[in-house]
Each structure stands twice: as C-alpha cells, then as structure tokens.
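Read the structure below first, then the notes.
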Amino acid sequence: MERLGAWITANPLTIIAVALILTVVAFHFAQSVTMQGMNTESMVGKESPLYQIYDHLYKENFGTESIVVMIEGDDVASSKVQTAMLRFSDFVKDVPRVLSVTSIADIVADTEYRDNGLRRIPAQERIDEILANGGPQLQALMPDRGHTMMSIADPVYITDDQRSEILKETTEAVTLADFPPGYSITVTGSSALMKSITDAMNKSQGQIMLLAGVLMVFALLLLFRHVKWPLLPIPVVMLGIVWTFGAMGLLQIPLTMVSFSAFPLLIGIGIDYAIQFHNRIDEEFSKGVPPIKAAINTVNHVAIPVMVALIITIAGFVALLSSSVPMIRDFGFLCIIGLIMCYLSALFVGVTVLYLGEKRSGSRKKRADARADARAEALAGADGLSGSLSGSPSGDGGSAIGLYVEKTADFCIHKWQTVLAVALLLALMGNYLDSLVPVETDTKNYIPQDLPPLVDFRHMSNIYGGTDSIQFIVQADDVTDPANLKWMDEFSNYLLMSRNQVYGTTSLVTFIKQANGGTIPNDKTDVRGIIDSLPASVKAKYLSGHNAAMIDVNLGQTASNLGLESFDRLTKEFDKDLTWVTPPPGVSVKMTGDSMVRTVTIGALTTGRVEMSLLGLVLIFILLLIIYRDLIKALLPVLPMLVVIGWMGGVMYLGGLKYTPLTATLGALVLGIGSEYAILMMERFYEELKNVGDPFEALKITANRIGSALVASGMTVVFGFGALITSPFNITSNFGLVTVMAVVFALVTTFTVFVVLMLRMEVRREVLDNARDELKRALRLMRKSDGLAR
Amino acid sequence: MDGISRASWRDRFWAWLIDVLLMGILWSSLMTISTIGASSAEGLGILATMLFIYWTALEGYRGQSLGKMLLNIVVVGPVGEKIGFQDSALESFGKAFLLPLDFLVGWIVYRGSSQRAFNRFSDTVVADANEVSWCRH
C-alpha cells in the first residue's frame, strides 16, 4: 500500500484527469438509466410461474388499465347529463390508444341505435326504459340516480407518458363535454392516482433533497470542523454516486423504488470512506508530517482497513442477490457497485485533492515544525508514525467529540456486564417484537392520506365498493362450449354464495345470460351468435379467441383491508374452491390479477428480510474468518450487528411502523453501516495496540481518534436523512426515520457493545501474548548470558 | 482439584446470561422464519436444543462458550484438564434442559463445591481461566 500511496502522490494530475473523464463518461451513460415503477417485471422474476401467468396469460390477453370519471348530482340519468356524457365519450374514444369507453350513456345510445338506427340520447322516458332493463353492468355503473361513472380503458403495455397524455385529454374532454351546472365531475382511478402520486412525489423530493443537502453541510461544519476543508467528503461521495449512476446506465440496471433507497445507503457508507481518509491525512498534517509522507502514511494505514470494511459490507449485500425479487437483486447489485465507486473516489480523488491542497498551502507544516522539534527528543529512536502515537490520546490531536467517545467507551468498559446484558436483552426483545411488525401491502397507504386524488379515489371506492379484484383465467380448446360456460357460471355463483369477501363476479357468462333471458343456451351455435352480438369492449375484456376467458371477481376493498397473511389465506381458499367445484375435463383454471401479484411480491419483498439478514451475517462471519484467520476477530463485528438488528425490530414495532419495500432493505442497511463502523474501529484498535502494547491505552486512542470521524460521518447521514422524515409521503418518511435510527444504533453499539466485546476478548489474549513474548525474551537473554559465561 | 480456583456463581451467572441472550436472539430470528410460536412448547424445546448444541460444541472444543470467554472462566476436569465432548454434552444437558433442578440440587446437595448436579455427574468444574495451564498457553 505504501507503493500505491507513493504512486498517488506522484501522479495527482493523472488521477484528476482520469476522474474527470470517468465523470463525463458516467454522465453519458447515466442518461440511459430507466425509471421503473412498481411493475411486475421489477417485482417478479420473468421465469417465475407467477409472472408467466400474470404477464403472458392475463396482461397480454385481457389486461387493461382504466381511468374513471365519476359524475355526481341530482339525477345522473337525466337526458341533459346523458347528452354531455355521450359527448364526452365520443371525444375520448378518438384519443389515440383508448380501447373503449363504458358508460350508461353509451349503453343507452347503443340500444337506441340497435332499435331505431340512430346513435343518440333519446327522450327521458325512453332513457328510463332502457336503464330499467340494463342488467348487472348498468348496476355496476350507476348504483343510484345520484352517482354514475364512466370507464376509459387503455392497454396495460403503453408507457407512463402515453397514459399521462390520455389522462390530460380526458380532463380536457370533461370541460368540452359541457356538463350541466350542479353536477360534480371527478377524474380518478388507478392511473390518475398514480400520476398524481408521481407528480406530488417529484415535487416534494426536490425540496427534501435540498433540505438534506443543507443539513449534511451543517453536520459536517459542526462535527468535522477540526479538519481542513470539512465539506470535502460531500463532493467526494457525490462523485462516487455519479460514477454509480454511469455504471447503472452501462449495465442497464433500472432505477426502482427499492434501488432508489440504495443511494441514502451509499451516501451513508461512502461519506464514511471519504471521512476516514480525510480524518487520517488531516491527523498526519496536524502532526507536521510533510504532505507527501502524510498521503503515503494515510494510504498505507487506511486503504487496507477501509477495503476490508468494503469487502465485508459487500458480503452483507451478496445475500440480497439471492432474493427472488428482481428489485431487491438490483438493489444489492447497485450497492456493491456503488460502494466500490465511493471507495475509489475517496482513495484516489479525496486523498489527491487533500494532498495537493496541503502541498500548495504548506502552512500547517510550518506551524507544526516548532511542535515537531519540541517532540523530537521524545520520539528519538521511534519509528516515524508508530512512535508519534504513543503519547496521550487526549493531548494529541483529540477533538471534543473524540474525548466524549473515549469517556463513553471507558464507562462501558467499567460497567461492561450491565451494558452487555441490557444491550442483548433489548436485542432479544426487539427481535421478538419484529415478528409482530405488520407489512404494508396497500400502496395507497404509502402516500399522504389527504392528497386530493387519493381522497377522490377513496370516495369512488366507498360508492362503488372498492376496486380490488382477482381474475381467474379459464383455458380450454373451446371455452365458449356451453358445458364450459355452465361451469364458469356455477363456479362464479359458488364464490358469491360461499365467500363474504366476494362482492360480485363478471365474465362472458354474465353477458350471455343477460342477452338470453338469464340462461345459457345449450346449443353452441346459439352461444356463438350471442357472443358475436356483444359489444367489442366486452369481448376484448372477457374473451381471448375461443380458448381463453376471464372471470373477474370483485373483492371490494378486501385486498387493501385484509393484510398480507389474510389475503394470502383467501387466495388459498379460492384454490380449494377450485378443487371443490372441479372444472370439466380439458379445462384449466389459473388465478392471477394485480391484487394477487402485488400482495405476493410485497410479501416476498418484506418477509424474506430475516433470512437475508441472517445469511448476510453468516457470509460476513465466514469472510472475516478467511481474512483474519481468527475466531475472535471474525466474531467481533458480527455480534454488535445482531444487537442493532434486534433493536431496530423493537423500534419498528414500538414506533408503529410497518414494513414497506423501502424499509425491507433495513437488514442490509444495518449490516452495511454496522460492519463498516465496527471494522474501522477494530482495525484502528489493532494498529494502536501494535504501537502502544497496552489494550486499554490502545482503546482510548482508538475511541478518541476514530470516534470523532465515525461520529462525524454517522451524524452527517443522520442529519441528511433526518430531512426525509419531513416528507409527506409515509413511505419516504418512515424510511428516513429507520435510516436515522439504524445509523444512531450502529454508532451507539460501536462505542458501547463493540468496545466491550473487543476489550474483553482481546485483553486476555494480548496480555498473554505479551507475557509469552516477555518469557521468550527472558529465555533468549538467559541463553545469551549462559553463552557469555561459557 | 483443590488447587484450581473455582469461578464464582456471579461470574457463571453473567456468562450464562450472555450465552442465553445471544442464542435467544438467533432463536427468535429462527422462530420468525419458521413461524413457530416463541412461547409454544415446540419453540422452547428448540431454544433448549440450540443451547445444548452450542454449549456442547464450544465447551467441548475449548472449554469456553462466548459468555465464558468474556468472563474469563473455563469448564475443566477435576485436576484442571481439558474436557471432551462427552463430558461437555453431559454437563450442558443439565443447564440446557433442567437448569432450575440442576442448580438447586447442586446448591443444596453439593454445597461448597460450586458445582451444579450435572457438573458433578460429568466430573467437571468451572474455573478461573488464568488458573488453568492449558488455557493460559
């Protein structure tokens, strides 16, 4: 590493030039980073049966998205309202990519056209007559005379921009349709809601990021002010982030809601790398070491420990690559790349900039010369850096924070049994409480509950009974065979009768029965005739060719209200129902739909977290064992992480928080930050132990010196991510809170539990090692004196 | 045997507590994964079994569990010799599955020997690690 340090000091301009070129290249590739919403591809592996059924069978054949326009007033069936609705419908049907518009006005106009050859809204008596014979579809569109809705269907495969365009045209069409005064028109539905959420999120995100930046600057100025250029770690880590974005574009890793949460983590750990190099080089400068020697010493003493921390942290993230959820795998991969980038940025760019800055100013060297001279005698015979560390920690470059950390460590060592027992007991309780933390499966609860589009959406759900549904895809050589249709009818009725959660079922059978006086014809030709006469929008939604049909089971708000486990139980009950009401031979039935995919994938996102954390811990332990070949050194960083994971579970439960796709990465966050702090502390401890020989003294120096740097980096993350807590979005706010708590706990355990474990485990060994060395020296002396005597 | 300084009940309690808490944390994670009730007989049985395996393995291997390492105490034979896995399994059985009984019998019947009943059965004692020659070197 000394050679690497020498190379860095010999080639500063090359390093800066390469960093600039890399940054330009990264900006180029960063432009090709794609944003990916919570879609199926990001949540389910393409090879999984869930994806195959949902995407290939359901979405490709039946999948549509809907924008809903809700009309409320005295009499929505009045001819004036119907005329405006038809105007609106005809306008929207011409909008590119709109598949169909379903409304009572369309039903009335289509019936009028079928009966009288004119597609128009007739007189009020005729409207009432048509509506009276409307059947179940009409009931679903107009639950009473005061409310009705229009549904605008578009294909699921269109882009978000194209969907936004349809939404914009729909909103304009509301004005153009010229609804009578006194009627309230609301554009809502999942698409509209998602668009509003994205807009609101983007708006608040900018303000929060700005606040986070200001708070991070404030934290560094407050806690890292004892060094020259205390704000430098921020641009250094940002450079690493820019390179990471470039790598994302190059490797085509999409930016998802989960991979977004990798950035706080990267900033949190990356800033620590930058601060460790910065703190050490500044320490060397303060001692009056010449810039070139200071840079070499820094690389020599910090590059390897930070690299060990980096490798261990990466081992923690490798566990995430085993997840079945692509989003989580992307998150793990992104963290691994990002950490390497942040390390390279801190090692090469951070050290080079500080070296060049000190070389040019040279002021501290001159100031330190006098001090160095005074100390020269004391250091005589000692070997450079190692000798300079043997003084009192508090009297040599110690900051106020360092002293506080030192005192805390000292206190914990004296009360070590109580500290350890309390920490472990709280971890055990937290671990138990963690199993009681619920999972938030309803994505609508991630957003501000007073967001107007959500209020509208909930209003619509209250009137129309919610929009959660499950789809059964029925496949056969000919699904329109009367025997198959009769089974579909029987199964639908069975679900309606036996399950309270089922509010209604709609399938091709519903419309065939409606057109045939409530029965299914026994003759296949008659069935085909009825199907041919059905509106194209109905056929497109419920039938694909003649070999696949869909039964849409309306669950109201069940998926949102039941929670993950209960909804999972309900789907298992549906599976049993299929065994009870067995499909005819040659007919296969598969269950799918948005609610099911969302519940399964959010469950996979959140419930695998304990396994991933344990796997991460095991991997870290094995890797530490390989690196150090020492059981104690391998165990030391792992035990405090176990404690933090437990504490975080307790905080999640007591804080009334729920697991979301963002907080599901909590284990990785704790492993990443916790292992980082523990390993840096441990490496410095052994370095100082080598220098001073006495474990207590070595621990005091370590706590003082590295403590201030760890507190500075930890508190920078805490201040920065404290800004996220102010977000009106629950998911972001909770993530901010969890990140802050994880960092605080990682810091607390590093200076308490870890210190205690390190000292207790090491003291005896070191004392014995020293005694053994003393014995060997004494024996050597005895042999020498024996030889001399002879 | 008389030459070996026996560890105090206080040190042994702290070592036991640390071991139980550490294994308890791992156990509660396993309970979450396996969805077995923590307070069920099955759950408690798993905890006792985990503790038994942990103590047998570590104390049979080097005479010290993590808790004992931190407290600097060690399980040894009557004259301070290393114990094997067989002795370790026997003395661990008592503290993993029958601790109240094991402790009370030892405390009342073998008063003054600083031994639990299963220590007595396995002919083991818990000593100060600094007093044990193989542990020192």
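Remarks
- Leading residue by the ranking (farthest from the other protein chains (Cβ to nearest Cβ)) among those in segment A:408-453 that are surrounded by 16 or more Cβ atoms within 10 Å (Cβ to Cβ) and either among the charged types (D, E, K, R) or in contact with a Cys (Cβ under 8 Å, 6 or more places away or on another chain) (or both): A:Lys444
- Residue in segment A:92-107 that is open to solvent by 70 Å² or more (accessible area, probe 1.4 Å) and either closer than 23 Å to A:Gly182 by Cα or more than 42 Å from the chain's Cα centre (by Cα) (or both) present: no
- Against the list (1) within 30 Å of B:Gly43 (Cβ to Cβ); (2) part of a helix (DSSP H, G or I), the condition B:Arg120 fails is (1).
- Number of residues in segment B:1-58 that are modelled with pLDDT of 85 or more, buried (at least 16 other Cβ atoms within 10 Å of the Cβ) and β-branched (Val, Ile, Thr): the value is 5.
- Only one entry of A:Leu578, A:Leu623 meets the criterion of being farther than 30 Å from B:Met69 by Cα and of a type in the set (A, V, I, L, M, F, W, C), and that entry is A:Leu578.
To keep it simple, each residue is scored yes or no on (1) surrounded by 23 or more Cβ atoms within 10 Å (Cβ to Cβ); (2) among the β-branched types (Val, Ile, Thr); (3) assigned to a helix (DSSP H, G or I); (4) modelled with pLDDT under 80.
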residue	(1), (2), (3), (4)
A:Leu671	yes, no, yes, no
A:Phe685	yes, no, yes, no
A:Ala698	yes, no, yes, no
A:Gly707	yes, no, yes, no
A:Val738	yes, yes, yes, no
A:Thr750	yes, yes, yes, no
A:Val767	no, yes, yes, yes
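- A:Ser469 part of a strand (DSSP E or B), more than 14 Å from every other protein chain (Cβ to nearest Cβ) and either modelled with pLDDT under 85 or under 26 Å from the mean Cα position of the chain (by Cα) (or both): yes
- Hits in segment A:527-550 (condition: without any contact (Cβ under 8 Å) to a residue 60 or more places away in the chain and not in a helix (DSSP H, G or I)): A:Leu534, A:Gly545
- All positions within segment B:99-131 that are farther than 15 Å from B:Ala7 by Cβ, within 14 Å of the chain's Cα centre (by Cα) and without any contact (Cβ under 8 Å) to a residue 24 or more places away in the chain: B:Leu99, B:Pro100, B:Asp102, B:Ala117, B:Arg120
- Checked against the criterion of being out of contact with any Asp or Glu (no Cβ under 6 Å at 6 or more places or on another chain), touching a residue at least 40 places away in the same chain (Cβ under 8 Å) and assigned to a loop (DSSP other than H, G, I, E, B), the candidates A:Val479, A:Val553, A:Val474 yield just one match: A:Val479.
- Residue list for segment B:78-96, restricted to those being among the hydrophobic types (A, V, I, L, M, F, W, C) and outside any helix (DSSP H, G or I): B:Val79, B:Ile83
- Only residues that are away from chain A (no Cβ under 14 Å), open to solvent by 10 Å² or more (accessible area, probe 1.4 Å), of a type outside the set (Asp, Glu) and without any contact (Cβ under 8 Å) to a residue 40 or more places away in the chain were counted across segment B:61-93, and they come to 5.
- Counted residues, segment B:4-58 - those being outside any helix (DSSP H, G or I), among the β-branched types (Val, Ile, Thr) and over 17 Å from A:Tyr432 (Cα atoms): 1
- Options A:Arg598, A:Arg609; residue that is in contact (Cβ under 8 Å) with a residue 12 or more places away in the chain and either open to solvent by less than 20 Å² (accessible area, probe 1.4 Å) or within 12 Å of chain B (Cβ to nearest Cβ) (or both): A:Arg609
- Considering residues of segment A:216-246 that are buried (at least 18 other Cβ atoms within 10 Å of the Cβ) and among the aromatic types (Phe, Trp, Tyr) only, the residue nearest to A:Phe263 (Cα to Cα): A:Phe245
- The number of residues in segment A:625-676 being over 24 Å from B:Leu58 (Cβ atoms), within 12 Å of chain B (Cβ to nearest Cβ) and small (Gly, Ala, Ser) comes to 3.
The values are calculated or read from the model by the stated rules, or taken from the named source; none is laboratory data. This one's a predicted model, so the numbers in the text were calculated from it and none came from an experiment. Methodologically, a virtual Cβ is constructed for each residue, glycine included, from the backbone with ideal geometry; neighbour enumeration extends over all protein chains shown. To get the accessible areas, we keep the full protein, side chains included, count just its heavy atoms, and leave off ligands, DNA and RNA. Shrake-Rupley method; radii C 1.70, N 1.55, O 1.52, S 1.80 Å.
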